[in-house]
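The values are calculated or read from the model by the stated rules, or taken from the named source; none is laboratory data. Remember, predicted model here, so these are calculated numbers, not experimental data. When we count neighbours, we look across all protein chains shown, and the Cβ atoms used for this are built from the backbone with ideal geometry, even at glycine. Heavy atoms of the whole protein, side chains included, go into the accessibility calculation; ligands, DNA and RNA do not. Shrake-Rupley method; radii C 1.70, N 1.55, O 1.52, S 1.80 Å.
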Amino acid sequence: MNKTALITGASSGFGLLTSVTLARRGWRVIASMRDLGRKTLLEDAARTAGVLDRIEIHALDVTNSSQIETMAKELARRSTPLHALVNNAGFAAPGFADDVTDAELRDQFDTNFFGAAAVTRAFLPQLRRQGFGHIVMVSSVSGRLGFPGVGSYAASKFALEGWTETLRFEMKPLGIQVVLVEPGAFETDIWTRNAKLSAGLQSPDSPNASRIAGWRKRITGDQKRANPQVVADTIAAVLENPRPKLRYVVGKDAKAALVMRKLLPWAVFERIIVKSAGLD
């Protein structure tokens with residue numbers, strides 16, 4: 001195959017698994033991450049899979065415009081085309097709406113929305129010159145459905161969904177495929193190590209203090225989540241599909257939630273969400 005893909009946020013989770021999965025399928029992978037000090041997990045996984053020689057690891061903070069520009073220029077100078085861009089970098093900032101500060105909300109958007117948009121815009125000139133390529137945005141079911149306590153995350157993903165849908169219309173006539181992948185809950189560290197809890201969520205003075213314990217048990221509980229390899233396999237399949245659709249919902253929980261919202265009366269659906277969040 002010998003195609004090339006750039007993946008952001010490749011130090012763990014979906015980004016790491018997608019990097020290894022594509023390399024195993026014959027891709028050359030440019031795996032980027034904000035902190036190169038966290039590259040060990042990717043290197044170990046790639047070495048175990050026997051594909052370390054097919055993965056380049058680079059530093060790329062999607063909120064750093066100079067790093068983005070440098071990476072875009074570097075890849076544009078290469079003799080090989082860029083076949084795919086996977087915007088995976090992101091984090092969750094849990095917190096109730098009246099606890100989250102403006103600064104925390106902007107921080108969430110800077111990575112999840114503005115970062116993805118900035119990286120995409122930087123590589124669009126190369127994709128346009130080529131006349132082909134895939135852009136995959138790793139969104140979330142939270143980009144289609146709000147959930148208590150994660151309004152900042154949902155807002156950033158809702159924004160990403162709208163921007164990406166518009167981008168697809170604009171790029172389709174140019175031969176560039178734009179796709180949203182919307183996972184549900186999977187066994188990654190987005191809600192643990194990679195989460196940035198709002199200060200209000202941790203304050204005893206929060207107006208939500210009495211409700212936080214039940215909510216946190218629901219979010220960070222011991223329930224077994226699905227294998228994230230399914231998401232990596234979905235992304236790989238999208239990149240190898242010459243005519244992918246706009247949205248790919250991944251995970252039984254995500255699909256069930258969207259079906260329930262569509263079929264149930266809103267009052268019923270609302271009660272289910274409130275109860276499942278531990279707020280009743």
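Points worth noting:
- Among the numbered conditions (1) over 19 Å from residue 232 (Cβ atoms); (2) touching a strand residue (DSSP E or B) at 6+ places or on another chain (Cβ under 6 Å); (3) touching a residue at least 40 places away in the same chain (Cβ under 8 Å); (4) not hydrophobic (A, V, I, L, M, F, W, C), the only one that residue 34 does not meet is (2).
- For residue 124, the conditions (1) within 18 Å of the chain's Cα centre (by Cα); (2) surrounded by 14 or more Cβ atoms within 10 Å (Cβ to Cβ) are fulfilled apart from (1).
- Pairs with Cβ under 8 Å, 6+ apart, first in the range 53-64 and modelled with pLDDT under 95, second surrounded by 19 or more Cβ atoms within 10 Å (Cβ to Cβ) and among the charged types (D, E, K, R): none
- Checking each residue in the range 68-87 for being small (Gly, Ala, Ser) and either within 22 Å of residue 14 (Cβ to Cβ) or open to solvent by less than 10 Å² (accessible area, probe 1.4 Å) (or both) picks out only 84.
- Residues that are under 17 Å from the mean Cα position of the chain (by Cα), open to solvent by 20 Å² or more (accessible area, probe 1.4 Å) and touching a residue at least 40 places away in the same chain (Cβ under 8 Å), drawn from the range 148-181: 151, 155, 159, 163, 165
- Counting only residues that are aliphatic (A, V, I, L, M), touching a Lys or Arg at 6+ places or on another chain (Cβ under 7 Å) and in a helix (DSSP H, G or I), the range 45-87 holds 1 of them.
- Among the candidates 90, 115, the residue that is assigned to a helix (DSSP H, G or I) and surrounded by 19 or more Cβ atoms within 10 Å (Cβ to Cβ) is uniquely 115.
- Residues (closer than 23 Å to residue 241 by Cα, open to solvent by 10 Å² or more (accessible area, probe 1.4 Å) and among the hydroxyl-bearing types (Ser, Thr, Tyr)) located in the range 1-51: 4, 21
- The requirement of being over 22 Å from the mean Cα position of the chain (by Cα) and in contact (Cβ under 8 Å) with a residue 40 or more places away in the chain is not satisfied by residue 4.
- Scanning the range 93-101 turns up no residue that is without any contact (Cβ under 8 Å) to a residue 40 or more places away in the chain, over 30 Å from residue 237 (Cβ atoms) and out of contact with any helix residue (DSSP H, G or I) (no Cβ under 6 Å at 6 or more places or on another chain).
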